[in-house]
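Asker: Encoded as structure tokens, here's the structure I'll be asking about.
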Amino acid sequence: MHEVRFSSYRYSDDTLHLEGTYFKGRVQLLHKGGVRTWRVFVWHRLEDAQKGSWVMEGLEPLPFEVYDDLSCQAEGVPALKLWLDPFGFGWEGLEALELEAHRFGQLGKSGVWQTSEWTAFHEVNDGLPLGAGMSLLIKEKPERRYYGLGERTGFLDKKGRTWTNWTTDDPIHYPDADPLYQAHPFLIGLEGDRAWGVYLDETWRTVFDLASAEDHQSIIRTDGPTFDLYLIAGPSPKEVIQRYTALVGRASLPPLWALGYHQCRYSYTHQELALEIAREYRRREIPLDAVWLDIDYMDGFKVFTFSPERFPEPEKLTAALREMGVRTVTIVDPGVKKEEGYLVYEEGRAQQYFIHSYRDEELWGEVWPSPAVWPDFTRPEVREWWGRLHRFYLEHGIAGIWNDMNEPAAFTVFGQEPPKDNRTLPSSARQGNRYHAEVHNLYGYGMCQATYEGLLKFEPSKRPFVLTRSGFAGIQKYAFVWTGDNHSYWEHLEGSIPMLLNLGMSGVPFVGADIGGFSAHADGELLARWTWLGAFYPFMRNHSGKTSRRQEPWVFGPRWESAIREAIRFRYRMLPYLYTLAHETVATGLPPMRAMVLEHPHDPEVSALHDQFMWGSDLLVAPAVRPGQRHRLTYLPQGQWQDFWSGEGYEGPVHLPTATPHDRIPLFQRAGSAIPTTKAEPHTTDAYWETLVWQVSLAPEVRGWVYEDQGEGYEPGYISELEGTYDGYTLRLDFTDRCGQPRQRVEAVIRGVREPQGGHSIHHYDPQTQTLTVDLASGSAEVHW
Ligand code: MIG
């Protein structure tokens with residue numbers, strides 16, 4: 001173990017160059033758009049320093065001042081103070097005491113590379129591939145909290161455990177399971193009222209020990225030979241997320257149908273069954289936007305094929321579904337069946353597109369197809385090829401692609417079983433001139449990039465829809481993410497909330513867990529509760545495993561079916577708001593489904609709160625998370641709130657006992673907000689809302705807006721605004737409609753108010769529910785009490 005030390009420094013070319021006997025370093029101030037970030041980059045002298053970034057582009061250096069005490073300063077970013085010997089730095093509340101480098105040596109000298117893949121694998125995985133690894137020691141503070149790190153088990157605050165970035169197909173999500181499918185070396189620290197972020201731009205296995213081994217320190221470690229850290233300023237956690245996503249990239253606007261409700265199953269095994277499911281939805285008047293085909297649609301698990309027996313007429317199937325307003329999505333795994341005469345394999349082999357072993361043989365193994373080979377998505381020409389292959393699906397009327405097993409998962413390699421906790425390719429495998437170990441975490445990312453770009457190329461007027469299980473920082477540019485194989489456990493319903501919230505805080509906005517649970521068996525109550533919670537997942541899909549009890553909405557009888565129908569219809573009523581949030585996400589990186597701490601970072605009551613969350617800034621959702629639950633406690637932060645259903649008003653901060661009936665979900669609206677809603681349709685069409693109903697929660701000033709467009713494609717959209725004032729006696733509402741599309745109905749609904757005395761555009765008052773409806777067709781309304 002060496003401490004990294006520097007003996008001299010020099011500032012030139014907008015860069016502070018650090019020099020030591022064994023190490024070199026570079027400190028830069030980089031910018032992209034309006035965002036500035038410090039980059040602290042250290043490497044061993046013997047290594048090549050030309051390290052690029054797999055996920056960031058277009059960052060340019062800016063000049064900065066370096067003072068004698070080695071503080072680096074520039075406008076618009078917090079100052080960075082460096083120490084040279086041992087190397088460390090202080091920045092915002094973050095104090096990095098030292099950087100350690102371990103285990104320098106030469107690869108392969110011992111001869112292990114000649115024995116077997118798995119010995120080589122262990123050798124590499126022990127942190128030895130190029131003979132290096134580095135650890136940054138951070139001084140810990142009791143009051144600090146941590147968020148981010150992508151998809152994780154556990155609760156909201158990630159402090160107190162050790163988290164590894166190594167994409168893994170782990171189908172059993174024990175409370176302490178780690179890692180899972182995603183790798184996000186991004187962390188938000190929150191101390192008091194200040195937040196900061198660090199992004200470690202390393203694709204090797206990285207480990208974040210957050211005051212776990214020792215209370216007084218945290219350690220950020222990489223198995224790779226370089227340490228490339230980006231410091232991302234707050235001061236609010238929202239600003240950290242905005243800046244971070246400006247660097248690694250943001251999601252583009254999904255097609256509206258992707259925000260509808262989806263039904264999946266492993267598997268709808270034949271054409272007629274998939275159709276039958278959709279018909280059942282229509283018969284029962286439950287909205288539905290897509291039916292998903294899992295691996296059994298394929299011929300012998302060969303991607304880019306349909307089984308001639310079970311799916312003889314795929315374009316007839318997709319057309320018949322489309323007629324019902326239902327899209328078809330197919331799963332695509334990366335494992336390509338190694339079979340003579342199978343075109344995908346033949347082409348890939350001829351071009352040497354598949355991953356090789358360290359002995360430079362085509363690496364084969366077993367996943368669903370057996371034997372199987374794996375495309376090397378780190379190479380642009382392989383991505384291009386893979387993308388082009390998707391023409392096949394589009395020509396058969398497939399609307400979206402579901403990428404699974406892309407950690408990548410491997411059951412065996414060269415006939416041998418990988419270690420139980422690491423069922424993937426050997427780290428010694430070759431991808432271009434790199435070891436798999438270096439780019440393992442990028443496998444899903446590269447596959448989704450290939451898929452997204454392929455879909456876009458073939459259908460440039462459509463918005464690609466890709467769902468992925470694995471991913472790396474920045475995956476949101478290419479795909480939605482679902483959280484893999486959960487179980488039909490109440491614990492997993494509850495655990496999905498902090499898991500998705502931390503994904504959101506890691507820049508991944510369009511996320512969801514399998515509603516009803518994938519493994520084990522759901523029951524009616526669980527499915528009803530989960531569907532209500534799922535109505536707030538940015539991605540809403542019911543999915544279950546092969547050996548699980550069926551869990552379509554109707555299977556548990558009429559009582560539960562009606563609660564589930566209500567939840568799904570509610571989702572469709574809320575689409576104008578959700579779509580507007582999606583539009584905000586594209587501009588800011590902020591997720592629709594949001595931890596309370598993002599909206600109330602100064603409130604210690606919410607910094608670890610995991611079982612309630614925000615939808616945008618204005619809706620607070622407090623689901624039931626346990627069987628038989630009749631009440632729960634909901635925390636309403638500082639401010640005025642209104643019960644979305646009853647209209648009753650509350651003043652926060654308050655812990656409110658809340659009833660949890662099955663046919664709805666506790667929901668509170670921030671006073672002064674106006675939420676655009678519509679009426680539930682059987683499926684989505686475009687995102688111009690013929691029926692637009694504003695849910696207004698009264699306050700002296702009222703404001704809301706709605707983003708509308710075709711719901712698909714790249715024509716410009718329009719933001720229309722509702723503004724209002726209310727002084728206790730008179731309410732005035734003005735609607736500025738910019739969308740220019742015909743509307744059948746524009747109204748505002750105001751709950752919890754007395755019968756008005758007069759005004760104009762008053763449509764209806766219901767004394768029973770104390771609900772007032774005003775007509776906004778003319779653009780304005782006035783109400784007097
Ligand atoms: O080894 O394609 O997480 O959603 O249904 C299981 C079959 C492979 C795992 C995915 C799951 C999917 C299943 N897949």
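Just so you know, all these numbers are worked out from the coordinates, no wet-lab data involved. None of the values given here were measured: they were computed from a predicted structure. We place every Cβ from the backbone using ideal geometry, glycine too, and count neighbours over all the protein chains shown.
Asker: Apply 1/(1 + (r/R0)^6) to the Cβ-Cβ distance of Y729 and R630, taking R0 = 41 Å, and write down the FRET efficiency to the nearest 0.05.
Answerer: 0.55
Asker: Still on this structure: Setting aside same-chain residues fewer than 8 positions from K141, which aspartates and glutamates have a Cα under 12 Å from its Cα?
Answerer: E95, E191, E214, D215
Asker: Follow-up question, since we're still on this one. Rounded, prolate or oblate: which fits the range 551-626, taking a ≥ b ≥ c as square roots of the Cα gyration tensor eigenvalues, rounded meaning a/c under 1.5, else prolate when a/b beats b/c?
Answerer: oblate
Asker: Checking the table K462/K679; K158/K302; K24/K158; K32/K81 against a 29 Å threshold on Cα-Cα, which pairs fail?
Answerer: K158/K302; K24/K158
Asker: Restricting to Cα pairs below 8 Å that are 6+ residues apart, what does the relative contact order work out to for the range 686-784? Please round to a whole percent.
Answerer: Relative CO of the range 686-784 lands at 27 percent.
Asker: Taking 0.36 nm per residue of separation and subtracting the Cα-Cα distance, what length does fully extending E60 through K546 add?
Answerer: Stretched fully, the E60-K546 segment lengthens by 170.0 nm.
Asker: Normalised by the number of residues in the range 2-248, what is the relative contact order in percent for Cα pairs under 8 Å and 6+ residues apart?
Answerer: It rounds to 18 percent for the range 2-248.
Asker: Run through every distinct alpha carbon pair of the range 686-784 and return the Kirkwood hydrodynamic radius in angstroms, one decimal place.
Answerer: 14.1 Å
Asker: Another question, then. Cα-based Rg of the range 348-476 per 2.2 N^0.38 Å, rounded to two decimals?
Answerer: Scaled against compact globular proteins, the figure is 1.05.
Asker: Taking the Cα atoms of the range 2-248 alone, what are Rg (to one decimal) and Dmax (as a whole number) in Å?
Answerer: 18.1, 56
Asker: For the range 237-339, rounded, prolate or oblate, judged on the Cα gyration tensor with a ≥ b ≥ c (square roots of eigenvalues), a/c < 1.5 rounded, else prolate if a/b > b/c?
Answerer: Note, shape of the range 237-339 comes out oblate.
Asker: Between the DSSP loop rule and a limit of at most 11 other Cβ atoms within 10 Å, which trypsin sites (Lys or Arg not before Pro) in the range 587-633 are left?
Answerer: R630
Asker: Which lysines, on any chain, are close to K457 with Cα under 20 Å apart, when same-chain ones fewer than 8 places away are left out?
Answerer: Reachable lysines: K477.
Asker: Now, a different point. Given bins 5 angstrom wide, list per bin the percent of all Cα-Cα distances in the range 608-701, short to long.
Answerer: Bin by bin from 0 Å, the calculated values are 3, 12, 21, 22, 17, 13, 8, 4, 0.
Asker: Enumerate the whole-percent occupancy of each 10 Å bin, from 0 to the last occupied one, for all C-alpha pair distances of the chain.
Answerer: The calculated distribution, bin by bin, is 3, 13, 23, 25, 19, 11, 4, 1, 0, 0.
Asker: So, one more: Return the loop-located trypsin sites (Lys or Arg not before Pro) in the range 390-456 (DSSP other than H, G, I, E, B) with at most 16 other Cβ atoms within 10 Å of their own Cβ; answer none if there are none.
Answerer: Filter output for the range 390-456: K420.
Asker: Neighbour counts of other C-beta atoms within 10 Å: give me W43, W482 arranged from fewest to most.
Answerer: Lowest count first: W43, W482.
Asker: Further question on the same structure: Could you line up V753, V291 from fewest to most neighbouring Cβ atoms inside 10 Å?
Answerer: Exposure proxy ranking, most exposed first: V753, V291.
Asker: Moving to a separate point now. Aspartates and glutamates within cross-link reach of K420: Cα-Cα under 20 Å, excluding same-chain residues under 8 positions apart?
Answerer: Cross-link targets: E117, E123, D126, D169, D170, D176, D178, E366, D404, E407, D485.
Asker: Let me ask you something else. Return, for the Cα atoms of the range 133-180, the radius of gyration and Dmax in Å, separated by a comma.
Answerer: 12.4, 35
Asker: Over the range 404-444, what is the mean sequence separation of C-alpha contacts under 8 Å (at least six apart), divided by residue count, expressed as relative contact order in percent?
Answerer: 37 percent
Asker: Oh, and also: Taking amide H positions as placed 1.01 Å from N in the peptide plane, with prolines and chain starts having none, which residues 5 or more places from H487, or on another chain, fall under 5 Å of its amide H?
Answerer: So H487 has HN proximity to F518, S519.
Asker: Now a separate question. Which trypsin sites (Lys or Arg not before Pro) in the range 679-785 sit in a loop by DSSP (not H, G, I, E or B) and have at most 11 other Cβ atoms within 10 Å of their own Cβ?
Answerer: Of the trypsin sites (Lys or Arg not before Pro), the ones in loops of the range 679-785 whose Cβ has at most 11 other Cβ atoms within 10 Å are R754.
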